[in-house]
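Chemist: Sending over a structure as structure tokens; questions will come in a sec.
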Amino acid sequence: MMMSKVGIYPGSFDPLTLGHLDIIERSLHVVERLIIAVSDNDKKNHMFDADIRVSLIQDTINSFDVSLKKRITVEKFDHLLVDYAKSKNSNIIIRGLRAVSDFEYEFLMTGMNRTIDKNIETIFLMSSDKYHFISSRFIKEIHRLGGDISKSVPKPVLDFLKKI
Ligand code: ADP
């Protein structure tokens, strides 16, 4: 019997961007099921509440084809990532890579996770070039200053940001 490959895509998603969405869609070419794990960690200063971040992802995923949608789950997590992955019967972590500046952090995190559990594999998907410069941090900053972010975030996120 083929084992169903479950991947975990962890992140802050504060908020979800088209860059994240691209990684989500492409990771479905690699894993059969994807769990988007939204970090609910008080130590990170998130702008949006974890429940809001989850529902913005859910609303965006809802416009996907049913065949794709049924392979995706979105939920909060506040455990150690490797323990969380294990509890979901997954040993695959998906991360996106943009510029070289992402590399060091991702490299250290992958190494740390492997120290804790040597069976965990992290798969990196390189950002598509049109999304290379998109980050949640800049989205928040541009939005705060009244700039146009419509080319960088999915519609549910745009609508939400317009309201606040
Ligand atoms: P974290 O706080 O865990 O870094 P983020 O929400 O900032 O959470 O990012 C989650 C993952 O998505 C990270 O692996 C990050 O590199 C990746 N990512 C973020 N933006 C993009 C993008 N524009 N293109 C590709 N990957 C991205």
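The values are calculated or read from the model by the stated rules, or taken from the named source; none is laboratory data. Bear in mind the structure is a predicted one, so any value in this text is a computation, not a measurement. When we count neighbours, we look across all protein chains shown, and the Cβ atoms used for this are built from the backbone with ideal geometry, even at glycine. Ligands, DNA and RNA are excluded from the accessible area calculation, which covers all protein heavy atoms including side chains. Shrake-Rupley method; radii C 1.70, N 1.55, O 1.52, S 1.80 Å.
Chemist: With unit charges on the beta carbon (Lys/Arg positive, Asp/Glu negative), name the residue among Thr60, Pro15, Ile116 whose Cα is farthest towards the positive pole of the charge dipole of the chain.
Modeler: Thr60
Chemist: Can you list which of the trypsin sites (Lys or Arg not before Pro) found in region 61-119 are DSSP loop residues with at most 12 other C-beta atoms within 10 Å? Don't skip to the answer; put the middle values down first.
Modeler: Working: sites: Lys69, Lys70, Arg71, Lys76, Lys86, Lys88, Arg95, Arg98, Arg114, Lys118; in loops: Lys70, Arg71, Lys88, Arg98, Lys118.
The qualifying sites are Lys70, Lys118.
Chemist: Sticking with this structure for a sec: Normalise the Cα radius of gyration of region 21-70 by 2.2 N^0.38 Å (N = residues in it) and let me know the number.
Modeler: That works out to 1.28 for region 21-70.
Chemist: Something else now. Can you pull the one-decimal nm distance between simple spin-label points at Glu121 and Asp65, each 7 Å off the Cα toward Cβ?
Modeler: Each label point lies 7 Å from its Cα, and together they span 2.5 nm.
Chemist: Further question: At 1.4 Å probe radius, can you tell me the per residue accessible area of the chain in Å²?
Modeler: Here the per-residue accessible area is 60 Å².
Chemist: Then there's this: Quick one: among Leu56, Leu145, Leu28, which has the greatest mean-square fluctuation in a GNM of the chain with alpha-carbon springs under 10 angstrom?
Modeler: In the Gaussian network model the winner is Leu145.
Chemist: Also, I was wondering about something else. Gain in length, Asn89 to Ser55, computed as 0.36 nm per residue apart minus the alpha-carbon separation, to one decimal in nm?
Modeler: Values: separation 34, 0.36 × 34 = 12.24 nm, distance 2.39 nm.
Between Asn89 and Ser55, full extension yields an extra 9.8 nm.
Chemist: For region 91-164, run through the chymotrypsin sites (Phe, Trp or Tyr not before Pro) and keep only the ones in DSSP coil with at most 12 other Cβ atoms within 10 Å of their Cβ.
Modeler: Phe133
Chemist: With all protein chains present, how much of the accessible area of the chain (probe radius 1.4 Å) comes from carbon and sulfur, to the nearest whole percent?
Modeler: Values: 5470 of 9780 Å².
Reported share for carbon and sulfur atoms: 56 percent.
Chemist: A follow-up question, please. Write down the Å³ per residue value for the convex hull defined by the alpha carbon atoms of the chain.
Modeler: Dividing the Cα hull volume of the chain by its residue count gives 120 Å³.
Chemist: Between Gly111, Gly146, Gly11, which gets the highest mean-square fluctuation from a Gaussian network model of the chain, Cα cutoff 10 Å?
Modeler: Comparing Gly111, Gly146, Gly11 in a Gaussian network model of the chain, the most mobile one is Gly146.
Chemist: Quick one: which of Lys76/Lys151; Lys43/Lys88; Lys86/Lys140; Lys86/Lys162 span more than 31 angstrom between C-alpha atoms?
Modeler: Where the Cα-Cα span goes over 31 Å, the pairs concerned are Lys86/Lys140; Lys86/Lys162.
Chemist: What is the pair-distance distribution P(r) of region 70-116, computed from all Cα-Cα distances in 10 Å bins starting at 0, with each bin given as a whole percent?
Modeler: Reading the bins upward from 0: 20, 49, 29, 2.
Chemist: In percent, what relative contact order does the chain have, based on Cα pairs under 8 Å that are 6 or more apart in sequence?
Modeler: Details: 217 pairs, mean separation 50.3, N = 164.
Taking the mean separation of contacting Cα pairs over the length of the chain, I get 31 percent.
Chemist: Rounded to whole Å, give me the distance from the Cα center of region 1-65 to that of region 90-119.
Modeler: 16
Chemist: Which loop-located GluC sites (Glu not before Pro) does region 1-85 contain, where loop means any DSSP state but H, G, I, E or B and the Cβ has at most 15 other Cβ atoms within 10 Å?
Modeler: Glu32
Chemist: So how far apart, in nm, are the two label points at Lys140 and Asn45 if each is 7 Å from Cα heading toward Cβ?
Modeler: 0.8
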